[in-house]
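**Q** Just dropping this structure here.
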Amino acid sequence: MKHNKLFTTILTVAITATITAPAYAAPIPRETAPQNATEEQIQIVENLIGGYLDDIQAGAGYGMIASEADTKIYKAVLSDQTNGNGYAILSAISQNALRICRDMYMRPDTYAYYEETLKVQLADIITAVENGADYDTSLDNAYTRLYQSVNPSYTPSTERQDFCYLDIPAIDNAAYTITRKLLINAHNTYLQR
């Protein structure tokens, strides 16, 4: 009899601790999402894979985590738990977030360097976005400035052609991510005014 009471007490404490424990999961950094992703889609993926982002940011390997997250999204889409959003965009949001968060974990100094450098290099564009300049146009201008920092003679092509034929200088992906982060923050500052 005492054994059953002890077991029941332990089980009750364990269930209570599980229910009352805060359910923290890392948010998806908005700068990692594809540009055509909606906030609703990002939140759906965030709810599905937030725990995996915690694992990635704690040093877990990318391959297995990415595969598990992808399977979870696939199953959620098949069981109609994604509010009509399809696998392709949700998977892209997930894979980008996991890959970039893993890169941020592996190269924190690189991301810190780009954040400080690009705040200065793109200060006028950031200020313009904070004051209401079009985000997409500003992002294009910021990317052009990045390319010109590597190759001063770079001029964006106005001719429509396949992406693989464009003569674009090589830029570290971290620079793109931080550029988007800075401009998203600037746009949010404008929206909150």
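**Q** For region 103-108, in order, what is each residue's ³J(HN,Hα) by Karplus, 6.51 cos²θ - 1.76 cosθ + 1.60 with θ = phi - 60°, in whole Hz (x at glycine and Pro)?
**A** Rounded to whole hertz, the list is 4, 4, 5, 6, 10, x.
**Q** Tell me, what is the FRET efficiency for ASN151 and ASN47 to the nearest 0.05, using R0 = 41 angstrom and their Cβ-Cβ distance as r?
**A** The computed FRET efficiency comes out at 0.45.
**Q** Please give the peptides 141-147, 48-54, 126-132 ranked by average Cβ packing (other Cβ atoms within 10 Å per residue), highest first, as a rough proxy for protection.
**A** 48-54, 141-147, 126-132
**Q** Please give, to one decimal in nm, the separation of the simple spin-label points placed at GLU40 and THR71, each 7 Å out from Cα toward the Cβ.
**A** In this crude label model, GLU40 to THR71 measures out at 2.9 nm.
**Q** Something else now. Counting just the Cα atoms, what span does region 30-106 cover along each of its three principal axes? Round to the nearest Å and put the largest first.
**A** Principal-axis extents of region 30-106 (Cα, largest first): 35, 24, 16 Å.
**Q** At a 10 angstrom cut-off on C-beta neighbours, averaged per residue, how do the peptides 133-139, 179-185 rank from highest to lowest?
**A** Ranked from most to least packed, the peptides come out as 179-185, 133-139.
**Q** How far apart, in nm, are two points set 7 Å out from the Cα along the Cα-to-Cβ line at ASP172 and at ALA112?
**A** Each label point is offset 7 Å from its Cα along the Cβ direction, giving 1.3 nm.
**Q** Taking +1 at the Cβ of each Lys and Arg and -1 at the Cβ of each Asp and Glu, which of TYR176, LEU139, ASN151 sits farthest along the dipole of region 100-184 towards its positive end, judged by Cα position relative to the Cα centre?
**A** Farthest along the dipole direction, towards plus: TYR176.
**Q** If packing is taken as the average number of other Cβ atoms within 10 Å across a peptide's residues, how do 64-75, 109-120 rank, most packed first?
**A** Per-residue Cβ counts within 10 Å, averaged per peptide and sorted highest first, yield 64-75, 109-120.
**Q** Charges at C-beta only: +1 for Lys and Arg, -1 for Asp and Glu. How large is the resulting dipole of region 37-162 about its Cα centre, in Debye rounded to 20?
**A** Working: 8 positive and 19 negative charges, 67 e Å.
My answer is approximately 320 debye.
**Q** Another question about this same structure. Calculate, in nm to one decimal, what ALA60 and ASP124 gain on full extension: separation in residues at 0.36 nm each, minus their alpha carbon distance.
**A** 19.2 nm
**Q** Based on the inverse mean of 1/r over its pairs of different Cα atoms, what is the Kirkwood hydrodynamic radius of region 55-193, in Å?
**A** About 17.4 Å, per the Kirkwood formula over Cα pairs.
**Q** Using a simple charge model, +1 on the beta-carbon of Lys and Arg, -1 on the beta-carbon of Asp and Glu, nothing else, what dipole does region 110-192 show about its Cα centre, in debye to the nearest 20? Let's see the in-between values first.
**A** Details: 5 positive and 11 negative charges, 29 e Å.
So the dipole magnitude of region 110-192 works out to roughly 140 debye.
A short reminder: the numbers here are calculations on the coordinates, not readings from a lab. Since this is a predicted model, take the numbers as computed values, not measurements. Counting neighbours? That spans all protein chains shown, and the Cβs are built from the backbone with ideal geometry, glycine included.
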